[in-house]
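The values are calculated or read from the model by the stated rules, or taken from the named source; none is laboratory data. Remember, it's a predicted structure, so these values are computed and weren't measured experimentally. Glycine also receives a Cβ, built like all others from the backbone with ideal geometry; neighbour counts cover every protein chain displayed.
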Amino acid sequence: MEVLQGAGLLLWNQTRQQWLANKKPQNRPQVREPSISWNASYESLLGTNKPFPQRVPLAEMVDFLVDVWEQEGLYD
């Protein structure tokens, strides 16, 4: 049984090394200025049906909403 496990582990490690060798380095996203102004209000952003002038990353919108909800006591 140990021989099979050893052979399996050896094959796994060889295959993994091939995957890692073939993997291209990923470009890290560049740090961007936030899409939402630090002093934006809920009403100024979401009180209209107009689209935003630029895309807003989901994480940034969630952070904004959580901040608003915490200020209004809606999020504990």
Handout entry: the stretch 37-66: number of residues that are at pLDDT 90 or above and part of a helix (DSSP H, G or I)
Key = 9
Practice task
Could you tell me which numbered condition GLN5 fails, if it satisfies all but one of (1) in a loop (DSSP other than H, G, I, E, B); (2) at pLDDT below 85?
Solution key: (1)
Exercise for the section: Six or more apart or on different chains, Cβ under 7 Å: which pairs go from a residue in the stretch 33-50 that's within 13 Å of ASP63 (Cα to Cα) to one that's among the aliphatic types (A, V, I, L, M) and part of a helix (DSSP H, G or I)? Could you list them? Expected result: ILE36/LEU45; TYR42/VAL68
